[in-house]
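For reference, the structure discussed in these notes is given below.
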Amino acid sequence: MGRLDDRVAIVTGSGRGIGRATALRLARDGAAVVINDIDPEPAAETAALVVAQGGRALVHIADTIDLEQAHGLTRAAVETFGKLDIVINNAGTTRDKMFHGMTDELFDFVVDTNLKTAYHTTLAAMPHMREVAKAEIAATGMPAYHRKIVFTSSVAALMGNPGQFNYTAAKGAIIAVTKTLARELGPFGINVNAVAPGFIETRLTQAKTEGDTYGIPEQTRQLSLMLIALGRLGIPEDIANVHAFLVSSDADYISGVTLPVTGGQIGGM
Ligand SMILES: NC(=O)c1ccc[n+]([C@@H]2O[C@H](COP(=O)([O-])OP(=O)(O)OC[C@H]3O[C@@H](n4cnc5c(N)ncnc54)[C@H](O)[C@@H]3O)[C@@H](O)[C@H]2O)c1
């Protein structure tokens, strides 16, 4: 028996990094997982890994900045697996620039990718989560079980980060909307929480050299390491483990929380 047996989960941005580790973990715990990404190849690889470990996976390529595509994603989950119980809003990216050089293009792209994807995916999940829970309450007086939404903030929003005006605008807003939605959806037995990862080794945090789209200067990587109480950078599985906890029944009485998962990083606790 897995603790997510019979559950159906969407994990956005699960082609790589934290999303991939989360899809694999949720599947190991018994959930059927919908692998969503904008990049088909890594998404197919994640699905193959899920199937190789005996799990059930569907790949659905969609950019949920677009609401129609978000509806397509949640419909695909329900058409394939019969329902939708869990949404992990993990898709996100960075385009760092010191503030005096910030452009509307960089601001909008980063806010859309980190915040609007989560807004639209969650909105598109409402007919399949809120409405279903509402019908259960009408029939029996209570929802059949807790459904779960998880957002992704960042340690950058907790402590501020030079060069990330756009990113922290989005990740800070995630903390606020998590509280708002927790209050709106609590009566339907839908828990809404966020994780705020610290420094997790993925392409977003790899050592960056001149001209790289993603990454962090090596000096900043070393500085971050010195601030982490547990003395190591995080790995995607550190976040996947917390995702798995938050969407399990063990966390049925946790809602509205943004949980820092930073190894005790100073300023990010
Ligand atoms: N790595 C870290 O240290 C760290 C720290 C704090 C927060 N985060 C957050 O964790 C999440 C995952 O980051 P990661 O480090 O695994 O990054 P990653 O780049 O390794 O993976 C992100 C995935 O999201 C996908 N994606 C991007 N835009 C998308 C869109 N519009 N729709 C669907 N998929 C999209 C990408 O193609 C990619 O596969 C992000 O929200 C990120 O901001 C990461």
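For region 93-108, the set of residues classified as within 16 Å of the ligand (Cβ to nearest atom) and free of Cβ contacts under 8 Å to residues at least 24 places away in the same chain consists of Glu105, Asp108, listed by residue number. Criterion first (within 27 Å of Gly234 (Cα to Cα) and either surrounded by 21 or more Cβ atoms within 10 Å (Cβ to Cβ) or among the charged types (D, E, K, R) (or both)) does Lys116 satisfy it? Yes: the conditions hold for Lys116.
Of everything listed in (1) buried (at least 20 other Cβ atoms within 10 Å of the Cβ); (2) touching a residue at least 60 places away in the same chain (Cβ under 8 Å); (3) within 28 Å of Phe109 (Cα to Cα), the single unmet condition for Thr168 is (2). Just wondering, is there one or more residues in region 208-230 that are in contact (Cβ under 8 Å) with a residue 24 or more places away in the chain, within 11 Å of the ligand (Cβ to nearest atom), surrounded by 14 or more Cβ atoms within 10 Å (Cβ to Cβ) and in a helix (DSSP H, G or I)? Checked region 208-230: at least one residue is in contact (Cβ under 8 Å) with a residue 24 or more places away in the chain, within 11 Å of the ligand (Cβ to nearest atom), surrounded by 14 or more Cβ atoms within 10 Å (Cβ to Cβ) and in a helix (DSSP H, G or I).
Residue-wise test of (1) within 20 Å of Ser224 (Cα to Cα); (2) in contact (Cβ under 8 Å) with a residue 40 or more places away in the chain; (3) assigned to a helix (DSSP H, G or I).
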site	(1), (2), (3)
Glu131	no, no, yes
Met142	no, yes, no
Tyr145	no, yes, no
Ala156	yes, no, yes
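Identify all residues within region 175-193 that are surrounded by 13 or more Cβ atoms within 10 Å (Cβ to Cβ), touching a Gly at 6+ places or on another chain (Cβ under 9 Å) and of a type outside the set (Ser, Thr, Tyr); write none if there are none. Result: Lys179, Leu181, Ala182, Gly186, Asn191, Val192, Asn193. Hey, does region 131-141 have a residue that's surrounded by 19 or more Cβ atoms within 10 Å (Cβ to Cβ) and over 26 Å from Ile61 (Cα atoms)? Checking region 131-141: at least one residue is surrounded by 19 or more Cβ atoms within 10 Å (Cβ to Cβ) and over 26 Å from Ile61 (Cα atoms).
Laboratory data are not the source of any read-out in this text; all were calculated from the coordinates shown. Small disclaimer: the values here were computed from a predicted structure and weren't measured. We place every Cβ from the backbone using ideal geometry, glycine too, and count neighbours over all the protein chains shown.
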